[in-house]
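What follows is a set of notes on a single structure, which appears directly below.
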């Protein structure tokens with residue numbers, strides 16, 4: 001056992017978890033308003049109130065640079081199909097894409113909000129007449145019925161059954177939220193990542209004369225780059241802290257597939273490496289590692305992942321060893 005290494009791994013894991021505060025809120029990609037917006041005043045009011053509304057209903061906004069990058073994924077910067085919404089949501093790792101559209105009527109304005117949910121692929125629309133005096137509460141009512149797992153549903157909409165309610169004191173006229181703080185990305189998406197966690201593996205095949213425990217626990221870490229959205233290239237490290245003494249290093253390639261929107265992804269990972277036996281019998285052997293990965297992204301910058309299988313094939317000079325196990329890890333992207 002090596003207490004210093006265990007404490008170091010625990011400290012790194014705690015740092016990663018603490019950095020994920022507020023990560024459970026859905027991330028919303030709010031696109032610029034469309035339609036007939038006469039002058040900058042109404043445009044500014046609509047923009048600020050929609051931003052405030054997204055935050056008030058408990059979600060977070062994609063920052064401006066991520067928004068600009070997502071807009072560039074659509075050739076005409078005017079998304080209107082599920083495929084285009086999916087592309088933009090995947091780029092920004094957003095759960096929702098929201099588009100406000102304004103239509104001029106004879107004596108009023110009509111606001112339409114389109115919401116695309118990445119997980120289900122569902123697109124829904126709500127619309128109502130709005131005025132600048134009550135636009136805050138009107139927008140919040142619309143977002144509350146759109147940005148929820150069950151969607152709009154079949155019940156009557158709140159503004160179809162009652163009048164305008166008073167504006168909450170915390171949202172007094174003229175008080176609008178500041179735009180979300182921009183975090184400069186390393187590229188068009190978060191290209192770099194680092195992770196730490198714990199692993200357990202056991203020898204499912206080893207030389208007939210082998211003695212001692214076949215099971216070990218290890219601290220694990222990985223760091224790398226994501227050159228394009230579905231692909232990760234990483235250097236991986238594992239150091240046994242119990243059981244047979246060994247250090248395992250490999251360089252891997254991973255391809256991830258969205259299965260429930262950008263928040264949940266699965267995919268294979270494979271890579272060659274070195275198996276460094278420690279203790280009484282010190283040796284270096286080629287190693288081939290293959291595993292299945294399931295990852296949950298709580299935000300564009302933080303997620304957790306499980307490596308299931310973690311097969312390691314080691315053709316050592318003393319006999320072939322095959323290890324299998326699992327790894328749990330927190331990952332930061334920047």
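The values are calculated or read from the model by the stated rules, or taken from the named source; none is laboratory data. This one's a predicted model, so the numbers in the text were calculated from it and none came from an experiment. When we count neighbours, we look across all protein chains shown, and the Cβ atoms used for this are built from the backbone with ideal geometry, even at glycine.
Quick notes on this one:
- When 115, 89, 94 are screened for being assigned to a strand (DSSP E or B), touching a strand residue (DSSP E or B) at 6+ places or on another chain (Cβ under 6 Å) and crowded, with 20+ Cβ neighbours inside 10 Å, only 115 passes.
- Failed condition for residue 281, given (1) touching a strand residue (DSSP E or B) at 6+ places or on another chain (Cβ under 8 Å); (2) part of a loop (DSSP other than H, G, I, E, B): (1)
- Lone qualifier among 285, 281 - being loosely packed, with under 14 Cβ neighbours inside 10 Å, farther than 20 Å from residue 197 by Cα and not assigned by TED's automatic domain parsing to the domain that holds residue 120: 281
- Residue in region 76-83 that is at pLDDT 80 or above and over 18 Å from residue 113 (Cα atoms) present: yes
- Criterion violated by residue 258 - all others in (1) crowded, with 19+ Cβ neighbours inside 10 Å; (2) at pLDDT below 95; (3) touching a helix residue (DSSP H, G or I) at 6+ places or on another chain (Cβ under 8 Å); (4) over 30 Å from residue 65 (Cα atoms) satisfied: (4)
- Of residues in region 142-162 being within 20 Å of residue 119 (Cα to Cα) and in a loop (DSSP other than H, G, I, E, B), the one farthest from the chain's Cα centre (by Cα): 153
- Pick from region 63-80, criterion in contact with a strand residue (DSSP E or B) (Cβ under 9 Å, 6 or more places away or on another chain) and not in a loop (DSSP other than H, G, I, E, B), ranking: farthest from residue 98 (Cα to Cα): 66
- Residue match in region 147-167 (condition: under 18 Å from residue 48 (Cβ atoms) and at pLDDT 85 or above): yes
- Residue within region 121-135 that is out of contact with any strand residue (DSSP E or B) (no Cβ under 7 Å at 6 or more places or on another chain), surrounded by 20 or more Cβ atoms within 10 Å (Cβ to Cβ) and over 18 Å from residue 88 (Cα atoms) present: yes
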